[in-house]
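S.K.: Just dropping this structure here.
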Amino acid sequence: MQHYEHLIYEYLSREGEVSLHQVGVLEVHRDREPSVVFHYDKRAMNSDGLITYIAEKLGKNPSITRFDIESHLEQARQFIHIGKPYVIPGIGNIYLAKGGVYDLDVQNAQTRIVEEENSYQYNTGETADRARKQKGLMWLAAILVLALIAAGVYGIVNYFSTSKKEKQNLVENASPATDTLAVIKKPDSVAPQQNNVALSSLSPEDSAMFKVVMERTFKITRARSRSRYLVDSLHYNAGFDSVKTPENASLYRIYLLRKIKVADTAESKTNWRHFFGREISLEYVGKP
């Protein structure tokens with residue numbers, strides 16, 4: 001449970017306030033003791049600045065970062081409710097108090113966040129000079145890399161263009177396997193041709209059940225763990241199935257089962273693509 005805590009601490013020490021999803025708000029007050037004050041709020045959302053800060057630090061897509069942090073805090077809340085406090089080093093322990101609310105035990109950490117912030121301010125000039133030098137070196141390296149890429153761009157484009165078409169054909173032309181696997185119970189699937197015919201018979205205003213296929217993998221262990229995570233931790237109606245490739249290998253597809261209005265399928269696909277930070281596909285399952 002110590003994966004994001006140091007980044008939460010860094011963000012709070014610099015910004016003076018941070019909101020944590022369904023946990024509450026932490027504030028820094030330099031004129032009082034303890035200097036860190038916690039306000040319980042079960043409707044709290046993650047600070048947008050925190051998401052941006054962590055995404056930049058880890059080099060991750062902001063949508064996926066938000067997804068991961070909400071899952072992380074969901075697990076933290078589960079531990080809090082069984083008596084194990086959520087520990088943020090340098091800040092304190094968030095625990096379950098009387099009345100079912102969260103509270104903060106600052107321990108002996110209340111002065112550290114102010115000391116760290118002062119240290120950060122004193123070193124700003126030195127850090128800025130170092131950053132400018134590093135930026136110049138990074139630009140030089142980027143130019144050299146781009147030159148090398150340009151030298152072989154024609155062959156690379158041809159290779160990946162062909163590879164992309166092959167992968168697309170592999171997924172689109174694969175037929176459902178008879179040994180379909182699922183994490184949860186789902187509606188009986190029908191053949192792709194029958195699905196297309198049934199979908200075309202619906203009105204744009206009708207709603208239908210769709211599989212939002214968010215990931216494909218040849219590893220069944222990955223399919224099981226990812227699906228179970230979506231169901232148990234994020235409470236999505238999720239599962240996985242498999243299709244056979246032309247080489248008779250099983251390709252596992254991890255999906256969410258969602259009710260979507262037919263007229264909104266294109267917009268929904270775009271929204272899910274932005275949310276997961278990767279290409280997704282919609283597959284019609286049947287009427288609700």
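Every number in this text was worked out from the coordinates using simple rules, so none of it is lab data. Treat the numbers as computed from the prediction; the structure is a model and nothing was measured. Neighbour counts are summed over all protein chains in view; Cβ atoms, including those assigned to glycine, are modelled from backbone coordinates with ideal geometry.
S.K.: Do we find that SER281 is farther than 28 Å from ALA55 by Cβ, more than 17 Å from the chain's Cα centre (by Cα) and either surrounded by fewer than 16 Cβ atoms within 10 Å (Cβ to Cβ) or not charged (D, E, K, R) (or both) in this structure?
M.R.: Criteria not met by SER281.
S.K.: In the range 41-98, how many residues are surrounded by 15 or more Cβ atoms within 10 Å (Cβ to Cβ), in a loop (DSSP other than H, G, I, E, B) and among the small types (Gly, Ala, Ser)?
M.R.: Adding up the residues that qualify gives 3.
S.K.: Just to be sure before I move on: is VAL285 β-branched (Val, Ile, Thr) and part of a strand (DSSP E or B) in the structure I sent?
M.R.: Here the answer is yes, as VAL285 does meet what is asked.
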